[in-house]
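Some notes on the structure that comes next.
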Amino acid sequence: MKNEEQARSLFGISLSDRPRWQQFIICSSGFFFGYLVNGICEEYVYNRLQFSYGWYFTFVQGFVYLILIYLQGFTPKQMVNPWKTYVKLSAVLMGSHGLTKGSLAFLNYPAQIMFKSTKVLPVMVMGAFIPGLRRKYPIHEYISALLLVIGLILFTLADAHTSPNFSIFGVVMIMGALIMDAFLGNFQEAIFTMNPDTTQTEMLFCSTVVGLPFLVPPMILTGELFKAWNSCSEHPYVYGVLVFEAMATFIGQVSVLSLIAIFGAATTAMITTARKAVTLLLSFLIFTKPLTEQHGTGLLLIAMGIILKMLPENKLPGGSAVAKHRKPSMKADNSLPANGGVVEEERRPLV
């Protein structure tokens, strides 16, 4: 049987020989840094310059990714998974992106926030149906996710000047995007689990190479390609902002894939959801906005959800059973036997 242990690192920082809490902090820090810079750049490009060319900017970002991956020394010869695996992955990714963008025309901002904040729940449910995972979560993790979701919705909608407006067509589109997002995270985890030799760099490289052609049809059909080209030609410094944003987002993307490989899709979804609350809280602190009672309630629920998630398993009822659903631990985690306390099963290549 193939050894399930995989030595992982993040930009030269070894993760395998560190305790899990250090792995968590390193990966989460990379994610928060990358997407904090991404948010600042998007705020500048989309709101200040009024450039709303999401497909084109993603296209440019993809080429920056490929250059950065090439500079890291990765080549297709180092791949351990077939290309068709990444075709499926990229098709789901582009479908989710397209449905999310399309739903914006039918749902107002509060409605979008409500749906986007629930991402962690479908990720947990979908994990039970993905071949290679069949993951079951204990009740306390569902409660933790629910607290996080409700808290984030309360916090983000505290400043909304309008009530959520639900269009049936928009709801169907955003629900489709959520299902695809849930499948995407679990499918990525399944790839790492079924083939532990898969690296974060390989997954990002292959997903980008396969995904770039998917961006061309919507750019041409919407006319965005020519509009974005002309606008950016008039303001060439925008490319500098895009490259800087892509470099930061690259750090965030690789950090997210590290989180998925080590901690699983559901935990990663909770971190990405909590990131929204942290970003909003920072904006309140920086711009000294007043915090209302609803903000306080939302933050309290978010904190309760995170604390419940972080409680040691042996402090919870049935803690020994909880470990059964978790992935095999890395070498640095000495609290479990070498196989992570789970029954070993045959690993087959993902197709």
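The values are calculated or read from the model by the stated rules, or taken from the named source; none is laboratory data. Just so it is clear, the structure is predicted and the values come from calculations on it, not from any experiment. Reconstructed Cβ throughout: ideal geometry from the backbone, glycine too, with neighbour counts over all protein chains shown. For the accessible areas, the whole protein counts, side chains as well, though only heavy atoms, and no ligand, DNA or RNA atoms are used. Shrake-Rupley method; radii C 1.70, N 1.55, O 1.52, S 1.80 Å.
The table that follows gives values for the structure above.
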quantity	calculated
Checklist (1) farther than 24 Å from Met203 by Cβ; (2) open to solvent by 20 Å² or more (accessible area, probe 1.4 Å); (3) at pLDDT 50 or above; (4) not hydroxyl-bearing (Ser, Thr, Tyr) applied to Pro337, failing item	(3)
Region 217-240 - residue that is of a type in the set (S, T, N, Q) and either touching a Leu at 6+ places or on another chain (Cβ under 7 Å) or open to solvent by 60 Å² or more (accessible area, probe 1.4 Å) (or both) and, of those, modelled with the lowest pLDDT	Thr222
Verdict on Arg8 being basic (Lys, Arg), on the phi < 0 side of the Ramachandran plot, open to solvent by less than 40 Å² (accessible area, probe 1.4 Å) and in contact (Cβ under 8 Å) with a residue 12 or more places away in the chain	yes
Residue in region 169-183 that is modelled with pLDDT of 80 or more, among the charged types (D, E, K, R) and within 30 Å of Leu308 (Cβ to Cβ) present	yes
Some residue of region 185-197 being surrounded by 20 or more Cβ atoms within 10 Å (Cβ to Cβ), at pLDDT below 85, part of a helix (DSSP H, G or I) and aliphatic (A, V, I, L, M)	no
Selection count, region 39-94, where residues are in a helix (DSSP H, G or I), farther than 19 Å from Thr199 by Cβ and without any contact (Cβ under 8 Å) to a residue 24 or more places away in the chain	5
Odd one out for Gly12 among (1) at pLDDT below 85; (2) farther than 20 Å from Val241 by Cα; (3) in contact with a Ser or Thr (Cβ under 9 Å, 6 or more places away or on another chain)	(3)
